[in-house]
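Report on the structure given below.
The values are calculated or read from the model by the stated rules, or taken from the named source; none is laboratory data. Owing to the predicted nature of the structure, the values given are computational and were not obtained by experimental measurement. Don't worry about glycine lacking a Cβ; one is built from the backbone with ideal geometry, like all the others, and counts go over all protein chains shown.
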Amino acid sequence: MEANHDQLVSTRIATIPNVLSVLRLGLVPIFLILLFARQDVFALLVLGFSTLTDFLDGLIARKFNQVSRLGQLLDPAADRLFIFASLVGLSVREIIPPWFAVVVLGRELFLAFIGVVLLQHKFSPLPVHWLGKLATFCLFIALPLLLLVEALPGVSDLTAPVAWALAIWGAFLYWWAAICYLRAARVAIRSTHRGTPAASVTLKPRRVHDGHN
């Protein structure tokens, strides 16, 4: 979930979007248990429900002004954990090739490295970028479709091409977003060396003591 620049970001914890994000986190081990037990239909239902909650928490947060700092951390964390678990699980089950999992998960390691560098320069962690959100949406549609091919082989001729098109497009957008993060981070870090304000609007200096809502 990504807040508009003029939208109030609160410190509330008990919000509907946060509950949905926590629920999505809790579904990760259930999904893996079902997947490794080869209960593909039930695993597919869990994955589909997780995709629905990912859409709903952002919609509710924006529509009902429930954007919170906790939610800005929980939402992408839940997304990434579910994608990580799905990629690992589907790869172990040989539903997707290992190279595809490596491509997507490699992007997460790349972003983690950028995040560490930013923290060393006293910048806050990277916020959600709309490209990354679009990539996540593509993957959250592609992964259930790939599992659907395994659960119902009879529909593979129809769903497999769509699933792989979305999966490859999602991976491409994932790395495109990563390059945008890298460029924004470079601008911000260079601005600190030059003593001028950062030109990027996506990165903000980290505040050690912040009591504002």
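On the stretch given as region 13-43, residues that are buried (at least 17 other Cβ atoms within 10 Å of the Cβ) and within 21 Å of the chain's Cα centre (by Cα) total 12. Looking across 96, 83, 13, 33, one residue alone is in a loop (DSSP other than H, G, I, E, B), within 25 Å of residue 164 (Cα to Cα) and not basic (Lys, Arg). It is 96.
Could you look through region 120-148, keep only residues that are surrounded by fewer than 21 Cβ atoms within 10 Å (Cβ to Cβ) and among the β-branched types (Val, Ile, Thr), and pick out the one that is nearest to residue 174 (Cα to Cα)? That would be 128.
For residue 82, indicate whether it is of a type in the set (Phe, Trp, Tyr) and crowded, with 17+ Cβ neighbours inside 10 Å.
yes
For region 106-134, name all the residues that are small (Gly, Ala, Ser), in a helix (DSSP H, G or I) and at pLDDT below 90.
Residues satisfying the conditions are 112, 115, 132.
I'm trying to understand the selection: among the residues of region 85-97, which are free of Cβ contacts under 8 Å to residues at least 12 places away in the same chain and either surrounded by 19 or more Cβ atoms within 10 Å (Cβ to Cβ) or of a type in the set (Asp, Glu) (or both)? Step through it out loud before you land on a result.
Filtering region 85-97 down to residues free of Cβ contacts under 8 Å to residues at least 12 places away in the same chain leaves 91, 94, 97.
94, the sole residue that qualifies.
Taking residues in region 9-38 that are among the small types (Gly, Ala, Ser), and partners anywhere that are assigned to a helix (DSSP H, G or I), the pairs with Cβ atoms closer than 7 Å and at least 6 places apart or on different chains are 21/57; 21/71; 21/74; 21/75; 21/78.
From the residues in region 56-75 that are over 14 Å from residue 128 (Cβ atoms) and out of contact with any Lys or Arg (no Cβ under 8 Å at 6 or more places or on another chain), which one is surrounded by the most Cβ atoms within 10 Å (Cβ to Cβ)? Here the residue is 60.
Filter region 135-164 down to residues that are farther than 30 Å from residue 180 by Cβ, among the small types (Gly, Ala, Ser) and either outside any helix (DSSP H, G or I) or free of Cβ contacts under 8 Å to residues at least 24 places away in the same chain (or both), then give me how many there are.
Number of matching residues: 3.
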